[in-house]
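Just so it is clear, none of the values below were taken in a lab; they were calculated from the coordinates. Just so you know, these numbers come straight off a predicted model, no measurement behind them. So basically every Cβ, Gly included, is an ideal-geometry build from the backbone, and we count neighbours across all protein chains shown.
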Amino acid sequence: AQKITQTQPGMFVQEKEAVTLDCTYDTSDPSYGLFWYKQPSSGEMIFLIYQGSYDQQNATEGRYSLNFQKARKSANLVISASQLGDSAMYFCAMRDRMDSSYKLIFGSGTRLLVRP
Amino acid sequence: DVKVTQSSRYLVKRTGEKVFLECVQDMDHENMFWYRQDPGLGLRLIYFSYDVKMKEKGDIPEGYSVSREKKERFSLILESASTNQTSMYLCASNTDGAGGYQPQHFGDGTRLSIL
């Protein structure tokens, strides 16, 4: 069965430093997509970055990059130069073709707190 | 930018009431979704729709129904609200565009309390 695992319930990072949020996934479908979302305390779910299973390069989007290691089934999010506004819950999610509902499978999330 | 708008950020209703949660998207997306988010249980799919008037059950459809009469609007209905439906409800939409999986774009969420 498809599964997303985020093993870090909470993390701290100093402002202006980089931080890595871990995500491992499990699927038997060779075609899948991996997504990271940010959820501030206000509740909205904000899409950050996408990586396709066949993409040759690691995805980048501004200060966000995805460290995609296919053989290890990991898709870690790297946030460079952390800002106070980065404090939020971060969710890793996956979609593949095995589920006809098109739904995203979400991990349990990591709460990131950026210290000034 | 994609805009998904949910009708209320906060809603308080009474047990037994019929509750409507509305969601509108402005990007002509085919697919729309309703999730609920609970501490310790993560996000769970209630219903989704891949076209006008089409709907499919997700993982937890019991006690809910949906309506999609127009492409841009997807409504979630609690037929007879119960306290265990107190939750955060998130609407999302996306398209089936070519070239890989497309992200779902979410609304701001509705925090629903059933008293």
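Key figures for this structure:
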| read-out | value |
| --- | --- |
| Ranked list, fewest to most other Cβ atoms within 10 Å of each Cβ, for B:62, B:56 | B:62, B:56 |
| 3J(HN,Hα) from dihedral phi, the stretch A:89-95, Karplus parametrisation 6.51/-1.76/1.60, rounded to Hz, x for glycine, proline | 8, 10, 10, 9, 9, 9, 9 |
| 3J(HN,Hα) from dihedral phi, the stretch B:62-78, Karplus parametrisation 6.51/-1.76/1.60, rounded to Hz, x for glycine, proline | 5, x, 10, 9, 9, 9, 9, 8, 10, 4, 7, 10, 9, 9, 10, 10, 9 |
| Taking chain A and dividing mean pair separation by its residue count, relative contact order in percent (alpha carbons under 8 Å, at least six apart) | 37 percent |
| Cβ-based exposure ranking for B:86, A:60, A:27, in which fewest neighbours within 10 Å come first | A:60, B:86, A:27 |
| Average other protein chain Cβ within 10 Å of Cβ, residues B:23-34 | 1 |
| Gyration tensor (alpha-carbon) shape descriptor, the stretch B:31-87, a/c threshold 1.5 | prolate |
| Shielding by other protein chains, B:104-112, mean Cβ within 10 Å | 4 |
| 22 Å Cα-Cα reach of residue A:16 towards lysines, excluding residues that sit fewer than 8 places from it in its own chain | A:38 |
| Candidate lysines - alpha carbon under 17 Å from residue A:73, same-chain residues fewer than 8 apart omitted | A:3 |
| Descending semi-axes in Å of the stretch A:1-64, equivalent ellipsoid built from Cα gyration tensor | 23, 15, 13 |
| Neighbouring partner chain Cβ atoms per residue of A:3-14, average, 10 Å criterion | 0 |
| Relative contact order [Cα under 8 Å, 6+ residues apart], chain B, whole percent | 36 percent |
| Under 23 Å from the Cα of residue B:55 - lysines, other chains or at least 8 residues apart | A:103, B:3, B:18, B:70, B:71 |
| Spatial separation of Cα centroids for the stretch B:57-86 and the stretch A:26-94, in angstrom | 29 Å |
| Under the Karplus curve 6.51 cos²θ - 1.76 cosθ + 1.60, θ = phi - 60°, whole-Hz ³J(HN,Hα) for the stretch A:39-52, x wherever Gly or Pro sits | 10, x, 5, 6, x, 5, 9, 10, 6, 10, 7, 10, 9, x |
| Choice from A:67, A:58, A:76 showing the highest fluctuation, given a GNM over chain A with Cα pairs closer than 10 Å | A:58 |
| Relative exposure of B:27, A:94, judged by other C-beta atoms within 10 Å (fewest first) | B:27, A:94 |
| Under 5 Å, built H, 5+ apart or other chain: amide partners of residue B:63 | none |
| Contact order normalised by residue count of the stretch B:39-102, Cα under 8 Å, 6+ apart, percent | 20 percent |
